[in-house]
Amino acid sequence: MKRIEVRVGDATARYTLLEDAPKTAEAFWESLPIEGVITHARWAGSAVWVKTPNQPIAALDDIELPVTSIYPGTIVVRPNPRGVAEVFMSYGVAESRGPLGRTYATPVAELEGDGKALMGAFGDTWQGGSTSVSISRAEDRS
């Protein structure tokens, strides 16, 4: 089972890579690490997002397993025609949306445990603004 780690400041949580969309999950895995700035998702609800030009995830041009709902603790990827991928991370009720309404995304990872500190850091972007994020392969703890 592949695991990733998401870090915002001192807050860190682990996620399990999902296998339901193998092409997207593998492209996401091969694109790690992703370093960037998360911004609160204006139209999506309780979620933050980061754009990344990292290949091969940025080269995807289709939605492998289309969803609109982004459940708490889920990471989804939405291709962008400008050669970047948009990675959304939810901390509450969220939906894949843009300025023109609903969009579709592919789920790639699920939170392990409660991730309370990281979810709080995501929520802080609502009032506090954008902040740095690091998404990387998790080291094996065994």
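FYI, it's all coordinate maths here, none of it is from the lab. In this text the structure is predicted, and so the values were computed from the model without any measurement. Here Cβ is always computed from backbone atoms with ideal geometry, including for glycine, and neighbour counts include all displayed protein chains.
Applying the criteria of a DSSP loop state and at most 16 other Cβ atoms within 10 Å to the trypsin sites (Lys or Arg not before Pro) of region 34-142 yields ARG42, ARG82, ARG141.
Estimated from helices alone, the mean residue ellipticity of the chain at 222 nm is -4500 deg cm²/dmol (sum of -39500 (n - 2.57) over DSSP H runs with n ≥ 4, per residue). By the Stokes-Einstein formula, at 0.890 mPa s and 25 °C, the chain with its Kirkwood radius over alpha-carbon pairs has D equal to 167 µm²/s. Charge tally for MET119 (other residues, Cβ to Cβ under 15 Å; Lys, Arg +1; Asp, Glu -1): -3.
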